[in-house]
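The values are calculated or read from the model by the stated rules, or taken from the named source; none is laboratory data. Remember, predicted model here, so these are calculated numbers, not experimental data. Glycine gets a Cβ as well: all are built from the backbone with ideal geometry, and neighbour counts include every protein chain shown.
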Amino acid sequence: MYDSAQDLVFDHVFLRIDGLVPDIRLLLKIEGFNPAGSIKLKTAIGLVEDAERWNLLRPGGHIIESSSGNLGVALASVCAARGYRFTCVTDPNTSPQNAALIRAFGATLVVVDKKDANGGYLQSRIDHIHDRLREDPSLFWPNQYANEANPRIHRERTAAAILEEVPEVDHLFIGAGTTGTLMGCAAYFRERSPHTRIVAVDTAGSVTFGFPPGKRHLPGLGTSRKPELCDPRLVDDIVIVPEAEAIRMCRTIARSRGIATGGSTGSVLAAVARRGPSLPPGSTVVAIAPDTGDRYLNTIYNDAWVEERFGHQVLAPAGADDHPDADGSLLLKG
């Protein structure tokens, strides 16, 4: 029996994925079984509780935040439960399901469609927030990209839960968006399990780790502006995954394992597959699955949407004929 929807965060759910990489124990940490549907519920709770602790939020206060979708849903949920108003500043890549959920929780949705200098929307969304703050100083902006409460909640909960359930982790694969989850887990493991190799997973076209900008279709991983939280010194490896590869992994996992994963999870599992040949046999690998696939039914799991943007070959299941080419990209046979 729970007293609040925010208590429905299940931090100890892992799915064993056999066969993706031979001779590897692969455990997928499932984060989507909560009312907000993603790992971002913990982020939202951490941001709001930190603001309350420092008296930055008063009863009936108004929060504004930038989000590509999942944090927007999570903050809308938390604000509805705690009596705060919430304005979510998002962009055209946000899924219709996320947009509908944000509105369902009573929040206001603002869609910014002006691209920034790197071809994304993040800086444009943040510029809009700065404009709103100048107009209305009573607004509170948690700023998930720079707020230490973001990695702190994942250090205290996400990382701690992993080591509690899996005391010996050889490789930990984590997607990089705001890098809050990545930085929080990396800091915790550096202290408690220094032998664990931390692998950051980013999407092609993201500038987070200094790679060139490019067009992206999926919300979640990647940025067009480096988050202030990001400290690459805390990670041992960075894997860049093209969106087509992430999508194909999502569709393959859905049809072979019976679980629909989100785009970020597809990227993380594709990164595990990429690094598979270099992982020592017998290694224990944990990969974090930030959300589930129900919010991607109109995109990742829609044949017409995928074929229009990535070609028909992405629709074919991943199989033994797939292999990396010289630069590490997956050659898709179909």
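Which number in (1) surrounded by 20 or more Cβ atoms within 10 Å (Cβ to Cβ); (2) modelled with pLDDT of 95 or more marks the one condition that Pro280 misses?
Against the list (1) surrounded by 20 or more Cβ atoms within 10 Å (Cβ to Cβ); (2) modelled with pLDDT of 95 or more, Pro280 comes up short only on (1).
Given (1) among the hydroxyl-bearing types (Ser, Thr, Tyr); (2) closer than 28 Å to Ala246 by Cβ; (3) assigned to a loop (DSSP other than H, G, I, E, B), identify the lone condition not met by Ser124.
All conditions pass for Ser124, except number (3).
Name the helices (runs of 4 or more DSSP H) wholly within segment 242-312 that hold at least 2 residues that are within 14 Å of Ile30 (Cβ to Cβ)?
In segment 242-312, the matching helices (runs of 4 or more DSSP H) lie at 243-257, 263-275.
Determine which single condition Val73 fails, assuming it passes every other condition in (1) in a loop (DSSP other than H, G, I, E, B); (2) closer than 17 Å to Tyr296 by Cα; (3) modelled with pLDDT of 95 or more.
Just one mismatch for Val73, condition (1).
Of all the residues that make up segment 94-106, how many are assigned to a loop (DSSP other than H, G, I, E, B) and either over 21 Å from the mean Cα position of the chain (by Cα) or farther than 20 Å from Asn143 by Cα (or both)?
Of the residues in segment 94-106, 3 are assigned to a loop (DSSP other than H, G, I, E, B) and either over 21 Å from the mean Cα position of the chain (by Cα) or farther than 20 Å from Asn143 by Cα (or both).
Tell me which of these Val89 doesn't satisfy, since it passes every other one: (1) at pLDDT 95 or above; (2) more than 18 Å from the chain's Cα centre (by Cα).
(2)
Tell me which residues, restricted to segment 1-24, are outside any loop (DSSP other than H, G, I, E, B) and modelled with pLDDT of 90 or more.
Listed by number, the residues that qualify are Phe14, Leu15, Arg16.
Is there a residue being closer than 24 Å to Thr181 by Cα, aliphatic (A, V, I, L, M) and within 15 Å of the chain's Cα centre (by Cα) anywhere in segment 56-69?
no
Inspect all residues belonging to segment 133-154 and state whether any of them is modelled with pLDDT under 95, in contact with a strand residue (DSSP E or B) (Cβ under 6 Å, 6 or more places away or on another chain) and under 16 Å from Pro219 (Cα atoms).
no
Please determine, by comparing only the residues of segment 10-26 that are surrounded by fewer than 20 Cβ atoms within 10 Å (Cβ to Cβ) and among the aliphatic types (A, V, I, L, M), which one is farthest from Ala100 (Cα to Cα).
Here the residue is Leu15.
I need the full set of residues from segment 100-115 which are buried (at least 18 other Cβ atoms within 10 Å of the Cβ) and over 15 Å from Ile64 (Cα atoms), in order please.
Leu101
Kindly provide the set of residues from segment 231-241 that are touching a residue at least 24 places away in the same chain (Cβ under 8 Å) and part of a helix (DSSP H, G or I), ordered by number.
Pro232, Leu234
For every residue, the table says whether it meets (1) out of contact with any Leu (no Cβ under 7 Å at 6 or more places or on another chain); (2) surrounded by fewer than 22 Cβ atoms within 10 Å (Cβ to Cβ); (3) hydroxyl-bearing (Ser, Thr, Tyr); (4) not in a helix (DSSP H, G or I).
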| position | (1), (2), (3), (4) |
| --- | --- |
| Ala160 | yes, yes, no, no |
| Glu164 | yes, yes, no, no |
| Leu172 | yes, no, no, yes |
| Thr181 | yes, no, yes, no |
| Ala186 | no, no, no, no |
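One residue is enough: does segment 31-41 have a residue meeting the conditions in a loop (DSSP other than H, G, I, E, B), within 17 Å of the chain's Cα centre (by Cα), hydrophobic (A, V, I, L, M, F, W, C) and modelled with pLDDT of 95 or more?
yes
For segment 218-230, indicate whether the set of residues that are assigned to a helix (DSSP H, G or I) and surrounded by fewer than 24 Cβ atoms within 10 Å (Cβ to Cβ) is non-empty.
No: segment 218-230 contains no residue that is assigned to a helix (DSSP H, G or I) and surrounded by fewer than 24 Cβ atoms within 10 Å (Cβ to Cβ).
Is it true that Arg225 is basic (Lys, Arg) and either under 17 Å from Glu156 (Cα atoms) or at pLDDT 95 or above (or both)?
no
Determine the pairs where a residue that is within 20 Å of Gln97 (Cα to Cα), located within segment 57-73, has a partner that is of a type in the set (Asp, Glu) and at pLDDT below 95 with Cβ atoms under 7 Å apart, the partner being 6 or more residues away or on another chain.
Ser68/Asp91; Asn70/Asp291
Go through segment 188-222 residue by residue and tally those that are in contact with a Gly (Cβ under 7 Å, 6 or more places away or on another chain), charged (D, E, K, R) and under 16 Å from Ile174 (Cα atoms).
Here the count works out to 1.
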